[in-house]
2 protein chains.
Amino acid sequence: MTTTKAACVGRPRGFDIDLALEQALNVFWRNGYEGTSLNELTEAMGIKKPSLYAAFGNKEQLFFKAIDLYENRPDSLFNIAFQHEHVADVIRGLLLGAATQFTDCSHPQGCALINSTLSCSEASESIKQTVLARKAKHKQRLVDRFAQAKNSGELQEGCEPVVLANLMTTLFQGLSMQASEGASVDELQQVAAMAAEGILTVSVKR
Amino acid sequence: MTTTKAACVGRPRGFDIDLALEQALNVFWRNGYEGTSLNELTEAMGIKKPSLYAAFGNKEQLFFKAIDLYENRPDSLFNIAFQHEHVADVIRGLLLGAATQFTDCSHPQGCALINSTLSCSEASESIKQTVLARKAKHKQRLVDRFAQAKNSGELQEGCEPVVLANLMTTLFQGLSMQASEGASVDELQQVAAMAAEGILTVSVKR
DNA sequence: ACAATTTATTACCTATCGGTACAAAATTCA
DNA sequence: TGAATTTTGTACCGATAGGTAATAAATTGT
């Protein structure tokens with residue numbers, strides 16, 4: 001049932017399944033779910049449609065596998081920034097990291113998760129819901145981290161962890177859109193730096 | 001050649017062209033350009049396809065007319081907020097206004113201009129470019145207003161008008177996405193208030 | 001009444017969408 | 001050398017996309 005297990009009988013697969021998935025992720029990353037056609041996918045992956053369906057199920061399942069691949073990268077924004085001890089460094093790391101990673105030209109611009117949700121009409125509702133659920137999980141990680149900071153006395157009294165998390169999420173989405181629209185690294189880093197400065201002065205104790 | 005001029009000869013048009021355009025705007029607002037099909041449009045507008053093409057040209061021209069309608073509303077966010085004398089009130093007005101308008105349930109959630117760009121693959125490049133140009137024009141209005149504030153000594157020395165404008169744009173896009181994904185008025189207003197507070201402390205002289 | 005003009009309705013066009021049937025090709029097992 | 005099994009390529013499916021040809025219906029001018 002799994003696609004990862006190599007079959008030892010029958011004609012051997014003529015392409016690298018992990019590499020193909022990475023190509024698929026790139027296309028979804030650039031064009032979103034609905035903005036990506038099967039022809040674009042098969043061309044980018046270097047395979048024909050029946051091979052795609054045999055290996056990944058269908059377009060929807062391929063998308064989920066691609067997103068899994070994206071989210072489980074060890075060098076993800078959250079994994080890096082959450083290593084900092086002080087919440088101020090976490091906030092700075094998240095914002096500056098987003099500005100940097102979203103404009104990294106070794107892959108499509110912006111956040112794959114955020115970009116994918118965008119071009120999603122009422123048609124593919126399951127895609128939308130799934131992506132929203134994943135984004136909610138990420139937001140919860142932020143809320144938890146900020147709640148912990150509040151408990152340890154790092155945050156100012158008036159600062160609500162959930163509001164702070166929402167503001168960070170808002171900035172991520174904005175930064176992702178800007179990057180997708182062609183903003184430069186410098187431009188976004190300046191924005192992130194100013195945002196971090198402002199947020200820190202109203203949320204973190206000095 | 002114009003569609004606004006009423007013909008005095010021939011069969012009279014059986015529908016209100018301005019009302020139909022408003023319905024079209026609503027659909028584009030909800031689903032974006034590519035996410036909206038002609039069938040959805042004609043159903044929402046209460047007309048058949050040939051009537052749509054006779055009155056508006058084609059899907060692309062209909063979209064541009066709908067966006068024109070959207071941008072030329074007198075109660076637009078910018079028009080209201082720019083009436084304030086002090087730049088601090090402008091910033092507060094823009095952010096709180098965005099949070100409020102984007103979640104106003106008398107129309108689709110989020111900003112029509114921002115939402116439309118989203119679901120736009122490489123296919124409809126002219127749509128993307130046109131919308132980007134309009135967004136750039138709005139950003140320029142922000143830059144001009146902040147530059148004026150800097151000249152009049154309202155802004156802190158280290159505050160660059162263009163960076164401040166970029167940060168505001170980033171927040172607008174984030175707020176629009178959050179609203180489209182179902183965020184509540186309260187939620188977004190809290191985010192906007194915190195963002196405004198942070199921005200003011202690092203950009204406006206006290 | 002009748003031509004001229006404009007709109008409305010039906011039915012259709014081509015292109016592309018996601019998805020698949022089928023048979024040839026390539027391998028392992030006996 | 002087969003039989004079994006799996007992948008590959010071609011060619012196709014129904015549904016829907018945006019868009020239009022042709023004709024009927026409704027009006028104004030004469």
- Task: With all protein chains present, calculate the accessible area of A:Met45 using a 1.4 Å probe and round the result to the nearest 10 Å².
- Result: 20
- Item | Candidates B:Asp89, B:Asp16, B:Asp68: whichever shows maximal mean-square fluctuation once chain B is modelled as a Gaussian network with Cα springs under 10 Å | B:Asp16
- Item | Gaussian network model of chain A, springs between alpha carbon atoms under 10 Å - residue of A:Arg134, A:Arg92, A:Arg13 with greatest fluctuation | A:Arg13
- Task: For B:Thr130, B:Thr103, write out the residues from largest to smallest accessible area, computed with a 1.4 angstrom probe and no ligands counted.
- Result: B:Thr130, B:Thr103
- Message: Compute accessible area for segment B:158-179 by itself and then with all protein chains, 1.4 Å probe, and report residues whose area falls by 40 Å² or more.
- Response: B:Val163, B:Asn166, B:Leu167, B:Thr170, B:Gln173, B:Met177, B:Gln178
- Which shape class, rounded, prolate or oblate, goes with segment B:113-185 when its Cα gyration tensor gives a ≥ b ≥ c as root eigenvalues, a/c under 1.5 marks rounded, and past that a/b bigger than b/c marks prolate? oblate
- Using the Cα gyration tensor of segment B:17-70, with a ≥ b ≥ c the square roots of its eigenvalues, what is the shape: rounded (a/c below 1.5), prolate (a/b larger than b/c) or oblate (neither)? rounded
- Item | Estimated vicinal HN-Hα couplings, Hz - segment A:111-118 in sequence order (Karplus 6.51, -1.76, 1.60; Gly, Pro = x) | 8, 4, 5, 5, 4, 5, 4, 3
- Query: Counting only residues 5 or more places away or on other chains, whose amide H sits under 5 Å from the amide H of A:Tyr33 once H atoms are built in the peptide plane?
  - Reply: A:Ser119
- Portion, in percent, of the accessible area of segment A:17-70 that falls on carbon or sulfur, probe 1.4 Å: 49
- Note on the structure: Other residues with Cβ under 12 Å from the Cβ of A:Lys65 give, with Lys and Arg +1 and Asp and Glu -1, a net charge of -4
- Return the value, in Å² to the nearest 100, of accessible area buried between chains A and B (probe 1.4 Å, both sides summed). 3100
- Task: Send over a whole-number figure in Å² for the accessible area per residue of the protein assembly as shown, probe 1.4 Å.
- Result: 48
- Task: For the pairs A:Lys48/A:Lys137; B:Lys59/B:Lys135; A:Lys139/B:Lys135; A:Lys59/A:Lys137, note any where the Cα-Cα span goes beyond 30 Å.
- Result: A:Lys48/A:Lys137
- Query: Sorted by accessible area with a 1.4 angstrom probe, largest first, how do A:Ile199, B:Ile80 fall?
  - Reply: B:Ile80, A:Ile199
- Cα-based shape type of segment B:74-203, given that a ≥ b ≥ c are square roots of the gyration tensor eigenvalues and the cut on a/c is 1.5: oblate
- Query: Can you give the net charge of the other residues whose Cβ lies under 10 Å from the Cβ of A:Gln109, counting K and R as +1 and D and E as -1?
  - Reply: -1
- Residue by residue, what Karplus-based ³J(HN,Hα) values in Hz, rounded to whole numbers, does segment B:153-159 have, using 6.51, -1.76 and 1.60 with θ = phi - 60° and x for Gly and Pro? x, 7, 8, 5, 4, x, 8
- DSSP loop chymotrypsin sites (Phe, Trp or Tyr not before Pro) in segment A:2-75 with at most 16 other Cβ atoms within 10 Å of their Cβ, which ones? A:Phe15
- Item | In Å², nearest 10: area of A:Ser152 left accessible to a 1.4 Å probe | 80
- Task: Quick one: which residues, 5+ away or cross-chain, put their amide H under 5 Å from the amide H of A:Val204? H built at 1.01 Å from N.
- Result: A:Gln156
- When Lys and Arg each count +1 and Asp and Glu each count -1, what net charge do the other residues less than 13 Å away from A:Leu52, Cβ to Cβ, add up to? +2
- Item | Structure-based [θ]222 nm, the protein assembly as shown - -39500 (n - 2.57) summed over DSSP H runs of at least 4, per residue, nearest 500 | -21500 deg cm²/dmol
- Query: What ranking of B:Val9, A:Val27 comes out by heavy-atom accessible area, probe 1.4 Å, highest first?
  - Reply: B:Val9, A:Val27
- Which of these, B:Asn79, B:Asn151, B:Asn26, has the largest mean-square fluctuation under a Gaussian network model of chain B (Cα springs below 10 Å)? B:Asn151
- Other protein chain Cβ atoms within 10 Å, averaged over every residue that makes up A:30-38: 3
- Message: Explain nothing, just compute: Karplus ³J(HN,Hα) = 6.51 cos²θ - 1.76 cosθ + 1.60, θ = phi - 60°, for every residue of segment B:192-206 in order, whole Hz, x for Gly and Pro.
- Response: 4, 5, 5, 4, 4, 4, x, 5, 4, 5, 9, 10, 9, 5, 8
- Note on the structure: Reported to the nearest 10 Å², A:Ile17 has, with a 1.4 Å probe, an accessible area equal to 30
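The values are calculated or read from the model by the stated rules, or taken from the named source; none is laboratory data. What you are looking at is a predicted structure, and each value in this text was computed from that prediction instead of being measured. Ideal geometry is used to build each Cβ from the backbone, glycine not excepted, and the neighbour counts take in all protein chains shown. Each accessible area value is taken on the protein alone, full model and side chains, heavy atoms only, with ligands, DNA and RNA left out. Shrake-Rupley method; radii C 1.70, N 1.55, O 1.52, S 1.80 Å.
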